[in-house]
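Working notes for the structure below.
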Amino acid sequence: MYLDSPYTLTEGRVLFEIARRPAVEVSWLRRVLDIDAGYLSRVLSRFEADSLVTRHRSEADARRQEIRATDAGRAAMAELDRRAAEQIGVLLRGADCDRLLDAMRVITEVLGRPGDSGAPEPESPATEAAGERAADREAPARAVTLRRFGPGDLGWVLRRHGTLYAAEFGWDASFEDLCARIIAEFTAKRAAGPGRAAGWIAEVDGIPAGTVNCVPDSETTARLRLLLVEPWARGLGLGARLVGECLRFAREAGYTDITLWTYDRLAAARRVYQAAGFTLASEEPDDAFGDHMMSQTWSRPL
């Protein structure tokens, strides 16, 4: 039985669809769940015998039958939710949840809107045509914002660099060690020269999705550091916006030029830098983070 309950997985899904709505029609349940009419009738009869649901004739069409969850039915569904959450907690114990969230966001972007259950809402003749028109409209634009670093952000920057570069490029822990030193240097330079160093978090729909920071390299030269955009947020122009904000800050802080250090393997970041006017100043072979690459310095005047 499903989650050590008295119900099968199919019965649990039927109860879920009923309990999350004020009322559903039997024909809608049969269509959405692709379930045999006779089997569905037996499931509903069992739920009715257990006082989980009640059946009613539709007020709009007496030929149609509506199912409504009782308080006991909603309580049974809540208990199934609790057991499922507990089981998932055990499953995810020790897992890299940041990587899982990245993957889930990508899946959501590809397959549907956030919040979709996978099942369409029940339709009446009046709403069916409206639903078809709504499907033709584009999904709402994502809300993208940039803000300065706040409490907890530097820890997020370090964790995401270590996790993401290991996943995408196979870089070892020495890269995270380097990032920790860079972040420590950022905090020291920000404290030593107010207005000469700054860092930003890009958010998409309120979720951290990217970062960059700017520090002094000399009295007249700024350095761009630790640009990162989460995989699920790529394609939204976050990299260009973060680099653009870094350039704007560097100009206003009085720098006359800006430089950055990167590797040839980071092709997506390099395209962002080139689009922002950076040019390759120098490069040399380097064995770093368990990889053999070309270490590169890029720069541009401000």
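The values are calculated or read from the model by the stated rules, or taken from the named source; none is laboratory data. Note that the coordinates shown come from a computational prediction; the quantities given were computed from them, not determined experimentally. Here Cβ is always computed from backbone atoms with ideal geometry, including for glycine, and neighbour counts include all displayed protein chains. Quick note on the areas: whole protein, heavy atoms, side chains included, nothing else; ligands and nucleic acids left out. Shrake-Rupley method; radii C 1.70, N 1.55, O 1.52, S 1.80 Å.
Quick notes on this structure:
- Against the main long axis of the alpha-carbon atoms of the chain, helix 238-252 sits at an angle near 40°.
- Rg ratio (alpha-carbon, reference 2.2 N^0.38 Å) - the chain: 1.41
- Percent of Cα pairs in region 225-302 per distance bin of 10 Å, from zero to the largest separation: 17, 48, 30, 5.
- Computed extension length for Ala267-Ala23: 82.6 nm, one decimal, from 0.36 nm per residue of separation with the Cα-Cα distance subtracted.
- Computed over region 1-87, Cα set: Rg, Dmax in Å: 12.7, 42
- Between Ala60 and Glu86, the contour length at 0.36 nm per residue exceeds the Cα-Cα span by 5.3 nm.
- The value of relative contact order for the chain, using C-alpha pairs under 8 Å at least six residues apart, is 11 percent.
- For region 225-265, the carbon plus sulfur part of the accessible surface works out to 49%, probe radius 1.4 Å.
- Under the convention that each Lys and Arg Cβ holds +1 and each Asp and Glu Cβ holds -1, the size of the dipole of region 174-302 around its Cα centre is about 480 debye.
- In this rough spin-label picture, where each label sits 7 Å from Cα along the Cβ direction, the Ala240-Ala72 distance is 6.1 nm.
- Shown for region 1-111: the carbon plus sulfur share of the solvent-accessible area, taken with all protein chains present and a 1.4 angstrom probe, equals 54%.
- Average accessible surface area per residue within the chain, 1.4 Å rolling probe, Å²: 55
- Per residue, the chain reaches -15000 deg cm²/dmol at 222 nm when only DSSP H runs of four or more residues are counted, each adding -39500 (n - 2.57).
- To the nearest 10, the accessible area of Thr10 is 60 Å² with a 1.4 Å probe.
- If only the Cβ of Lys and Arg carry +1 and only the Cβ of Asp and Glu carry -1, the dipole of the chain around its Cα centre is close to 680 debye.
- Reciprocal of mean inverse Cα separation for region 141-198 (Kirkwood radius, Å): 13.0
- Along the axis of the charge dipole computed for the chain (Cβ charges of +1 for Lys and Arg, -1 for Asp and Glu, origin at the Cα centre), the listed residues Ile88, Phe175, Gly73 are led at the positive end by Gly73.
- Acute angle (nearest 10 degrees) that the helix 37-49 long axis makes with the longest principal axis of the chain, alpha-carbon atoms: 80
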